[in-house]
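The values are calculated or read from the model by the stated rules, or taken from the named source; none is laboratory data. The shown structure was predicted, so the numbers you read here are calculated from the model rather than taken from an experiment. Cβ sites come from the backbone with ideal geometry, for glycine too, and all protein chains shown count toward neighbours. Heads up: the accessible areas ignore ligands, DNA and RNA and are worked out on the full protein's heavy atoms, side chains in. Shrake-Rupley method; radii C 1.70, N 1.55, O 1.52, S 1.80 Å.
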Amino acid sequence: DTAVSQTPKYLVTQMGNDKSIKCEQNLGHDTMYWYKQDSKKFLKIMFSYNNKELIINETVPNRFSPKSPDKAHLNLHINSLELGDSAVYFCASSQVQGKGYGYTFGSGTRLTVV
Amino acid sequence: QKEVEQDPGPLSVPEGAIVSLNCTYSNSAFQYFMWYRQYSRKGPELLMYTYSSGNKEDGRFTAQVDKSSKYISLFIRDSQPSDSATYLCAMSVGSNYKLTFGKGTLLTVNP
């Protein structure tokens, strides 16, 4: 039973399209995150939600809009996709808020914009 | 200067070797220090975490933190081919709700 699951695993789309990535966690965690990993494997936070409330928006373009319908779900919608958006997007969750340990990551969504 | 700098590698060692992976950081507000392991095409998984200077051991893995020098290390003893992965250091400030990662070191352990 997967703890943090993301769909889809792979996404290939054309520039200008709009796409969504979904994330669900069954760990009962209060905080969920979106991280972006670029081609050089550098992982950087995009958003953090605690109990459905946006806590961190790390200077991400407005084309990216997260939505948390409940504390077990955090979705990411991307408008007007650009070539530079190609990356692996990881969802994560944690229980001990802000203390840094107990993060569980999903297996990632590999987005390719052509 | 980046907040977290990690020895870039890649690192290739024979099976059974002792591996040392290192990160330095500039933000003295970091309180929590972690090491994650990431296999190819998988998400990072937590290996070790600590919040104080000194050593923490878990099986073949030892995490070392030196807050005065702003330096953390991960040692792997008796390395195995199954340890081949990218190792990422990560740090956080207590209530900041985010991890700041190093760029990762790709380790290959050759049988």
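Condition check: of a type in the set (Gly, Ala, Ser), assigned to a loop (DSSP other than H, G, I, E, B) and surrounded by fewer than 14 Cβ atoms within 10 Å (Cβ to Cβ). Does B:Gly16 satisfy that? Break it down stepwise before answering.
On the way: of a type in the set (Gly, Ala, Ser): yes; assigned to a loop (DSSP other than H, G, I, E, B): yes; surrounded by fewer than 14 Cβ atoms within 10 Å (Cβ to Cβ): yes.
For B:Gly16, the condition - of a type in the set (Gly, Ala, Ser), assigned to a loop (DSSP other than H, G, I, E, B) and surrounded by fewer than 14 Cβ atoms within 10 Å (Cβ to Cβ) - is met.
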Identify the residue in region B:19-36 that is part of a strand (DSSP E or B), more than 24 Å from B:Ser82 (Cα to Cα) and within 14 Å of chain A (Cβ to nearest Cβ) and, among all such residues, is most open to solvent (accessible area, probe 1.4 Å).
B:Tyr32
Residue count for region B:52-92, restricted to those that are within 14 Å of chain A (Cβ to nearest Cβ), under 22 Å from B:Lys2 (Cβ atoms) and surrounded by fewer than 17 Cβ atoms within 10 Å (Cβ to Cβ):
0
For region B:1-13, how many residues are surrounded by 12 or more Cβ atoms within 10 Å (Cβ to Cβ) and assigned to a loop (DSSP other than H, G, I, E, B)?
5
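Each row is one residue, and each column tells you yes or no for (1) touching a residue at least 40 places away in the same chain (Cβ under 8 Å); (2) away from every other protein chain (no Cβ under 14 Å).
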{"residue": "A:Asp30", "(1), (2)": "yes, no"}
{"residue": "A:Lys40", "(1), (2)": "no, no"}
{"residue": "A:Ser48", "(1), (2)": "no, no"}
{"residue": "A:Leu54", "(1), (2)": "no, no"}
{"residue": "A:Asn79", "(1), (2)": "yes, yes"}
{"residue": "A:Gly106", "(1), (2)": "yes, no"}
